[in-house]
Amino acid sequence: MSDVVIVGAGVMGLMTARMLALSGCRVTVLERGEPGREASWAGGGIVSPLYPWRYPAAVTALAQQARQAYPVLVQELLDETGIDAELVACGMLMLDADDARDALAWADAQKELVLRYDSSSLRQRMPWLSSHWHEGLLMPGIAHVRNPRLLQALQASLRRLKVDVITQAEVVSASGTGSTLGSLTTSDGRKFSADHFVVCGGAWSRGLLELLEMASPPSVRPVRGQMLLYRLPPGTLPCMVMADGRYVIQRRDGHVLCGSTLEETGFDKGITDAARESLMASAARLLPALANEQPVAQWAGLRPGSPNGIPFIGRVPEKDNLWVNAGHYRNGLVLAPASACLLTNLLRGEQPSLDPLPYQCL
Ligand SMILES: Cc1cc2nc3c(=O)[nH]c(=O)nc-3n(C[C@H](O)[C@H](O)[C@H](O)COP(=O)(O)OP(=O)(O)OC[C@H]3O[C@@H](n4cnc5c(N)ncnc54)[C@H](O)[C@@H]3O)c2cc1C
């Protein structure tokens, strides 16, 4: 049995901890603040990349595997913990995408059902939309998950699996000899030794890996995303709707999320009036029922941006026992089950579930 210490209790750290614990490892998670309060909490929870045909094959491979895994995972978590992460397979309607041909070719290759609507069939079948859209592509298989609940369920599952999630434990230094990392030290002076260490530090992963003396840490950078929350009667919005990169999603209890901005503002997690106005305009365009509503909340999160959105999953070249699972950019919630599975396979020396090459840290 290996001892593993994971740094970061976002969706990636929690999901990786669960998979490693299920495979027989003794796992400890170190979290600087509270678990699941950063990007993983802030996200929309769409269980698909937005415009999935625009992503490289490496993202599609993880996404397709993870999408298959989600219904089983959510049911297992409900059975284990009584917490329902509310996976709702309502479909995603993408309006006036200017690359519909690419979408259809991708869907054909992936065996993904896509329904194409012209303006009159949109008006007829979806009278709750405004009438100015010319075309819609509906992917009925796409789901959303209530990410804050998913994070609660994962934490409850980890308690059952006897995984220690230690909060207010910021990793500040490391020690070891040669190519072996020996221990991590947290801001309160505690030392944590293990056989393996996994960095799941989201947008902070690059700094963390520098701290752990990785010579060329992967280029993970913060990309701020702001969201608005509205309240409408449940069932107002039958499917997720997206145009121009903005989307609306309705949860079972009626809450509607509208997201999200893409901002290169470093580690600033502040919210802005400009984003609120811009998102309110998008919300009204996507769902006219929101035009006269005021948002009940606004927040921001920092996505772990990476080149082409391809995450880094694997061992750090200079260290025999230091691993990374980070850089999932806009898709960390959807990709988490497949990324955690791949990392677990690699760390345990098992046959990997996917070709690990595209995700290597070089
Ligand atoms: C507005 C918005 C909308 C999004 N929508 C979606 C969506 O619909 N679908 C989707 O799939 N993805 C979406 N995402 C992206 C997704 O949220 C992220 O890719 C994912 O949450 C990344 O998870 P993570 O665990 O890597 O990072 P995080 O959730 O940020 O977790 C990293 C953790 O590491 C901890 N940490 C950092 N440094 C240290 C340290 N030194 N010591 C200890 N702990 C440390 C942090 O405190 C944090 O808890 C969205 C993101 C945003 C911001």
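Some values worked out for this structure:
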{"quantity": "Within region 10-26, tally of residues that are small (Gly, Ala, Ser) and surrounded by fewer than 24 Cβ atoms within 10 Å (Cβ to Cβ)", "calculated": "3"}
{"quantity": "From Pro56, Pro52, Pro71, residue being loosely packed, with under 15 Cβ neighbours inside 10 Å, under 18 Å from the mean Cα position of the chain (by Cα), of a type outside the set (Asp, Glu) and over 30 Å from Leu158 (Cα atoms)", "calculated": "Pro56"}
{"quantity": "Search result, residues across region 20-36 that are near the ligand (Cβ under 6 Å from one of its atoms) and either of a type in the set (Lys, Arg) or farther than 25 Å from Leu346 by Cβ (or both)", "calculated": "Arg32, Gly33"}
{"quantity": "Positions within region 344-362 being within 25 Å of Ser193 (Cα to Cα) and either part of a helix (DSSP H, G or I) or of a type in the set (Gly, Ala, Ser) (or both), in sequence order", "calculated": "Thr344, Asn345, Leu346, Leu347, Gly349"}
{"quantity": "Out of Gln110, Gln155, Gln75, Gln68, sole residue that is touching a Ser or Thr at 6+ places or on another chain (Cβ under 9 Å) and under 30 Å from Thr28 (Cβ atoms)", "calculated": "Gln155"}
{"quantity": "Conditions (1) more than 30 Å from Leu181 (Cα to Cα); (2) assigned to a loop (DSSP other than H, G, I, E, B): number failed by Ala109", "calculated": "(2)"}
{"quantity": "Output for region 200-244, where each listed residue is in contact with a Lys or Arg (Cβ under 6 Å, 6 or more places away or on another chain) and of a type in the set (A, V, I, L, M)", "calculated": "Val220, Val223"}
{"quantity": "Filter pass, Val248 being surrounded by fewer than 23 Cβ atoms within 10 Å (Cβ to Cβ), part of a strand (DSSP E or B) and in contact with a strand residue (DSSP E or B) (Cβ under 6 Å, 6 or more places away or on another chain)", "calculated": "no"}
{"quantity": "Residues (away from the ligand (no atom under 12 Å from the Cβ) and either crowded, with 21+ Cβ neighbours inside 10 Å or not basic (Lys, Arg) (or both)) located in region 156-173", "calculated": "Ala156, Ser157, Leu158, Leu161, Val163, Asp164"}
{"quantity": "Selection from region 296-343 of residues that are touching a Pro at 6+ places or on another chain (Cβ under 9 Å) and part of a loop (DSSP other than H, G, I, E, B)", "calculated": "Ser306, Ile310, Pro311, Val316, Gly327, His328"}
{"quantity": "Condition check for Asp253: of a type in the set (Asp, Glu) and touching a residue at least 40 places away in the same chain (Cβ under 8 Å)", "calculated": "no"}
{"quantity": "Test: residue in region 174-182 that is assigned by TED's automatic domain parsing to the domain that holds Phe312 and within 14 Å of the ligand (Cβ to nearest atom)", "calculated": "yes"}
{"quantity": "Pairs where the first residue, in region 42-54, is within 15 Å of Gln68 (Cα to Cα) and outside the structural domain of Gln250 (by TED's automatic domain parsing) and the second is near the ligand (Cβ under 6 Å from one of its atoms) and polar (S, T, N, Q), C-beta under 8 Å, 6+ apart", "calculated": "Pro49/Asn331"}
{"quantity": "Any hit, region 351-359, residues being more than 23 Å from the chain's Cα centre (by Cα), assigned by TED's automatic domain parsing to the domain that holds Gly45, free of Cβ contacts under 8 Å to residues at least 24 places away in the same chain and exposed (fewer than 15 other Cβ atoms within 10 Å of the Cβ)", "calculated": "yes"}
{"quantity": "Residue among Leu181, Leu154, Leu158, Leu228 that alone is among the hydrophobic types (A, V, I, L, M, F, W, C), part of a helix (DSSP H, G or I) and touching a strand residue (DSSP E or B) at 6+ places or on another chain (Cβ under 9 Å)", "calculated": "Leu158"}
{"quantity": "Where a residue in region 279-306 is in contact (Cβ under 8 Å) with a residue 12 or more places away in the chain and among the basic types (Lys, Arg) and its partner, wherever it lies, is assigned to a strand (DSSP E or B) and more than 16 Å from the ligand (Cβ to nearest atom), with Cβ under 8 Å and at least six apart", "calculated": "none"}
{"quantity": "Ala85 being outside any helix (DSSP H, G or I), buried (at least 22 other Cβ atoms within 10 Å of the Cβ), more than 8 Å from the ligand (Cβ to nearest atom) and small (Gly, Ala, Ser)", "calculated": "yes"}
{"quantity": "Which numbered condition Pro288 misses (of (1) touching a Pro at 6+ places or on another chain (Cβ under 9 Å); (2) exposed (fewer than 15 other Cβ atoms within 10 Å of the Cβ))", "calculated": "(1)"}
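The values are calculated or read from the model by the stated rules, or taken from the named source; none is laboratory data. Treat the numbers as computed from the prediction; the structure is a model and nothing was measured. Virtual Cβ from ideal backbone geometry, glycine too; neighbours counted across all protein chains shown.
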